[in-house]
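Here the structure comes first, spelled out in C-alpha cells, and everything after it is commentary.
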Amino acid sequence: MRAGYRGPYLRAVAAGVAEGAIDLEPLAHDRELSDEDVEERLLALPGVGPYAAAHTMMLLGRHSRLILDSWTRPTYARIAGKKKVADATIVRRFRRYGPYAGLAFWLLLTQGWVEES
C-alpha cells in the first residue's frame, strides 16, 4: 500500500474491522447517533484527527463540521477579503447554518468551480 505515513493507520483500522473490534456501520446508518458521537468515535480511530473526521462525516451525510486545512483556510480568507482568518472566526461565521455549517462552508469555497451559465 502506498499511503505514506497513513499506511499503518489504514492497516490498523482495516484489521480492527476484519477482527470485529471496530464497527463502522453505525456511523453510516444510525441516525440516532449525534454528530458529536460520530465525531468522537471517528477521533478514537488510529490516525484520525479533526480534518479526517470532518471529511469522513461529510461523506456520511453529516455536514456540521468544517473541513479546515491548508487549502480551505486561505481560500476562505481570500473570499472574505482578509490576509488570514482564525479557525474560531470561520467556525463562528458558519455556526448559524447549524447541521449544514460544513456544507455551507464547502459550497462557498467551491462556488468558483462551477461556471455561470
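Remarks
- Flag if I79 is of a type in the set (V, I, T) and without any contact (Cβ under 8 Å) to a residue 24 or more places away in the chain: no
- Only listed residue being within 30 Å of G112 (Cβ to Cβ), modelled with pLDDT under 95 and in a helix (DSSP H, G or I), chosen from Y51, Y76: Y51
- Some residue of segment 60-72 being part of a helix (DSSP H, G or I), open to solvent by 70 Å² or more (accessible area, probe 1.4 Å) and of a type outside the set (G, A, S): no
- Top-ranked residue of segment 44-59 - restricted to ones that are within 11 Å of the chain's Cα centre (by Cα) and of a type in the set (G, A, S), ranked as surrounded by the fewest Cβ atoms within 10 Å (Cβ to Cβ): G49
- Filter result (assigned to a loop (DSSP other than H, G, I, E, B) and either touching an Asp or Glu at 6+ places or on another chain (Cβ under 7 Å) or open to solvent by 30 Å² or more (accessible area, probe 1.4 Å) (or both)) within segment 79-94: G81, K82, K83, K84, A86
- Verdict on L33 being surrounded by 14 or more Cβ atoms within 10 Å (Cβ to Cβ), among the aliphatic types (A, V, I, L, M), touching a Phe, Trp or Tyr at 6+ places or on another chain (Cβ under 6 Å) and assigned to a loop (DSSP other than H, G, I, E, B): no
- Just one of the listed residues (R41, R62, R11, R2) is more than 22 Å from Y97 (Cα to Cα), among the charged types (D, E, K, R) and under 17 Å from the mean Cα position of the chain (by Cα), namely R41.
- Extreme residue, farthest from P99 (Cα to Cα), among residues of segment 21-30 that are open to solvent by 60 Å² or more (accessible area, probe 1.4 Å) and not acidic (D, E): A21
- Summed over segment 28-76, residues that are touching a residue at least 40 places away in the same chain (Cβ under 8 Å), under 18 Å from T110 (Cβ atoms) and in contact with a Lys or Arg (Cβ under 9 Å, 6 or more places away or on another chain) total 3.
- Residues (within 20 Å of L103 (Cβ to Cβ) and β-branched (V, I, T)) located in segment 44-58: T56
The values are calculated or read from the model by the stated rules, or taken from the named source; none is laboratory data. Since the model is a prediction, treat every value here as computed from it, not as a measurement. When we count neighbours, we look across all protein chains shown, and the Cβ atoms used for this are built from the backbone with ideal geometry, even at glycine. SASA here: full protein model, heavy atoms, side chains in, ligands and nucleic acids out. Shrake-Rupley method; radii C 1.70, N 1.55, O 1.52, S 1.80 Å.
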